[in-house]
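The values are calculated or read from the model by the stated rules, or taken from the named source; none is laboratory data. It should be emphasised that the depicted structure is a prediction, and the values quoted were computed from it without experimental measurement. No Cβ is skipped: glycine too gets one built from the backbone with ideal geometry, and neighbour counts run over all protein chains shown. We work out accessible area using only protein heavy atoms, side chains counted, and drop any ligands, DNA or RNA first. Shrake-Rupley method; radii C 1.70, N 1.55, O 1.52, S 1.80 Å.
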Amino acid sequence: MLINNDWDSILNNEYSKEYFQELISFIKSEYTNKTIFPPQNDIFAALNLTLYKDVKVVILGQDPYHGEGEAHGLAFSVKEGIKLPPSLINIFKELDRDLHIKRTKGTLDDWAKQGVLLLNTVLTVEKDKPNSHKRRGWENFTNVIIKKLNERDDSIVFILWGNHAKEKEKLITNNQHLVLESSHPSPFSCRQGFEGSKPFSKTNAFLVKNHKKPIKW
């Protein structure tokens, strides 16, 4: 038991695979010898907060925030009291443009508890070193998560922001799902398609159409 909810039965075959065993050994060593984010107890926070059966929306991130005290295991979310990162500021600006919701709380656990899986494709990072845990095995693991959600009988919204997230579209083969993609919300790319993309209203319209409760963003 790794997650202690229904994800364990979904992902159980992965736990015993060689890549995953090597990944866990690497991660344990990293936490022992370096400053790694998020805190070790929060590595699987996204899966802890949003059960497999409850997922209605997936927002894909890349790897955790690498600054002190920011990451807590949910993509794009920051811990309570932490200054909002630029990407999250732009996400909230689009939320205001789209649904006229002015949000200031940067901890997105309320989204997660409503069925929004805030999944980074790499779940750990060394302090001040973005992508430092890339290609260590996390991608294999999170690809399986996406594939398992793709197999669901009911419809899910997959929100893919930026080129890294868009690469995962090939894993979403079930045409009953909705894929929303745009540029990344970072200041470097938000004007290349993210601004005005209306992901929040489009998501809720799709959920309602499929007889699911919309998200209170």
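Solvent-accessible surface of region 1-107, averaged per residue with a 1.4 angstrom probe and all protein chains in place: 49 square angstrom.
Taken over region 87-133, the ratio of Cα radius of gyration to 2.2 N^0.38 Å equals 1.42. Reachable lysines from residue 34, Cα under 18 Å, same-chain residues fewer than 8 places away excluded? Reachable lysines: 127, 129, 134. Across region 105-110, rounded Karplus estimates of 3J(HN,Hα) from the backbone phi angles (6.51 cos²θ - 1.76 cosθ + 1.60, θ = phi - 60°) give 6, x, 8, 9, 5, 5 Hz, Gly and Pro being marked x. Restricting the calculation to alpha carbons of region 40-178 gives Rg and Dmax of 14.6, 40 angstrom. Shape class of region 1-53 from the alpha-carbon gyration tensor: oblate, with a/c at 1.5 or above and b/c at least as large as a/b. The calculated FRET efficiency for residue 89 paired with residue 205, based on their beta-carbon distance and R0 = 30 Å, is about 0.75. What's the carbon and sulfur percent of region 5-112's accessible surface, probe 1.4 angstrom, rounded to a whole number? Carbon and sulfur: 51 percent of the exposed surface of region 5-112. Peptides 183-195, 95-107, ordered by how many other C-beta atoms sit within 10 Å of their residues on average, highest first, read 183-195, 95-107. Remark: spin-label model distance residue 143-residue 22 equals 1.4 nm, labels positioned 7 Å along the Cα→Cβ axis.
Taking every C-alpha pair closer than 8 Å and separated by at least 6 residues, the mean separation divided by the residue count of region 1-77 gives a relative contact order of 34 percent.
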